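Asks: Please see the structure below; I have some questions.
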Amino acid sequence: MNKSNRIIATGLLVFALAGLGIIGLWLFANGKIALKPQNKRLTELGRTIYAEQCASCHGKNLEGEPNWKSQKPNGRLPAPPHDMTGHTWHHRDDLLFQLTKIGTEAVIGGDYKSDMPGFKDILDDQEIIAVLSFIKSTWPARIQKRHDRLNQKGS
C-alpha cells in the first residue's frame with residue numbers, strides 16, 4: 001500500500017471509529033450494553049441462537065475455524081474461537097455487540113474485508129445480548145472477572 005492509500009485508509013478508519021462513538025452514545029443513552037452470563041434464561045436463549053446462527057462458522061463448541069490467526073487465501077481471517085482460547089474476552093461488551101450487530105467490516109471500516117456479517121436484520125438487540133451472554137457464560141470464572149474489569153475500565 002503506497003503512502004497516499006495509507007493516508008486514505010487511516011482517514012477512513014478514524015471516520016469509522018468516530019461513527020462508533022456516535023453509535024456508542026446512542027447505546028449508552030438508551031441503557032448501557034451489558035452481558036448477563038448469570039441469567040440462565042437469557043443464556044439458554046443465547047445457546048439456541050448460537051447453534052442456529054453462529055456455530056456453522058465459530059464451531060459447535062465455540063472452537064472457531066482451524067488456523068484462525070492466519071489469513072485464508074482470499075486474505076480474510078477465519079472465524080476465531082469464542083471460548084477462552086480466542087480473543088473475544090479481550091473486547092468490551094459494547095464492541096462485541098457492535099461487531100455482532102453491524103459486522104466486522106462496518107466496525108473497522110476502510111478496505112478491511114471480513115466474512116463476519118452483521119446480524120441487525122436477523123437478530124434483535126436482546127437476542128444479540130443473549131448470544132454474547134451465552135458465550136461469556138462458557139468462560140472460566142477468572143476470564144469472566146478479567147472481562148468484567150475490562151468493561152469497568154471502559155466506562
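Listed here are the residues, each with its yes/no results for (1) surrounded by fewer than 17 Cβ atoms within 10 Å (Cβ to Cβ); (2) within 21 Å of LYS113 (Cβ to Cβ).
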position	(1), (2)
LEU45	no, no
ALA51	yes, no
GLU65	yes, yes
SER70	yes, yes
PRO80	no, yes
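Asks: If you don't mind, there's one more thing I want to ask. How about segment 40-84: which of its residues are basic (Lys, Arg) and farther than 17 Å from LEU132 by Cβ? If you could, list the steps in order and put the result at the bottom.
Replies: Of all residues in segment 40-84, those basic (Lys, Arg) come to 40-41, 47, 60, 69, 72, 76.
Answer for segment 40-84, where residues must be basic (Lys, Arg) and farther than 17 Å from LEU132 by Cβ: LYS60, LYS69, LYS72, ARG76.
Asks: List the number of the failed condition for GLY59; all other conditions in (1) buried (at least 17 other Cβ atoms within 10 Å of the Cβ); (2) modelled with pLDDT of 95 or more; (3) in contact with a helix residue (DSSP H, G or I) (Cβ under 7 Å, 6 or more places away or on another chain) hold.
Replies: Among (1) buried (at least 17 other Cβ atoms within 10 Å of the Cβ); (2) modelled with pLDDT of 95 or more; (3) in contact with a helix residue (DSSP H, G or I) (Cβ under 7 Å, 6 or more places away or on another chain), GLY59 violates only (3).
Asks: Do you know which of the residues in segment 107-131 that are surrounded by fewer than 20 Cβ atoms within 10 Å (Cβ to Cβ) and part of a helix (DSSP H, G or I) is modelled with the lowest pLDDT?
Replies: In this case the residue turns out to be ILE108.
Asks: Check segment 69-76 and report whether any residue there is charged (D, E, K, R) and either out of contact with any Pro (no Cβ under 7 Å at 6 or more places or on another chain) or assigned to a helix (DSSP H, G or I) (or both). Even if it seems obvious, please write down each step before you answer.
Replies: First pass over segment 69-76, keeping only residues charged (D, E, K, R): 69, 72, 76.
Of the ones still in play, those that are also either out of contact with any Pro (no Cβ under 7 Å at 6 or more places or on another chain) or assigned to a helix (DSSP H, G or I) (or both) are 69, 76.
Yes.
Here is a yes/no grid of residues against (1) under 26 Å from GLN152 (Cβ atoms); (2) not aliphatic (A, V, I, L, M):
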| site | (1), (2) |
| --- | --- |
| SER56 | no, yes |
| LEU77 | no, no |
| HIS82 | yes, yes |
| ASP111 | no, yes |
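Asks: Checking MET84 against (1) closer than 17 Å to THR43 by Cβ; (2) over 11 Å from the mean Cα position of the chain (by Cα); (3) of a type outside the set (Ser, Thr, Tyr); (4) modelled with pLDDT of 95 or more, which single condition isn't satisfied?
Replies: (4)
The values are calculated or read from the model by the stated rules, or taken from the named source; none is laboratory data. Since we're looking at a predicted model, the values are computed, not measured. Quick reminder, even Gly has a Cβ in these numbers, built from the backbone with ideal geometry, and neighbours come from all protein chains shown.
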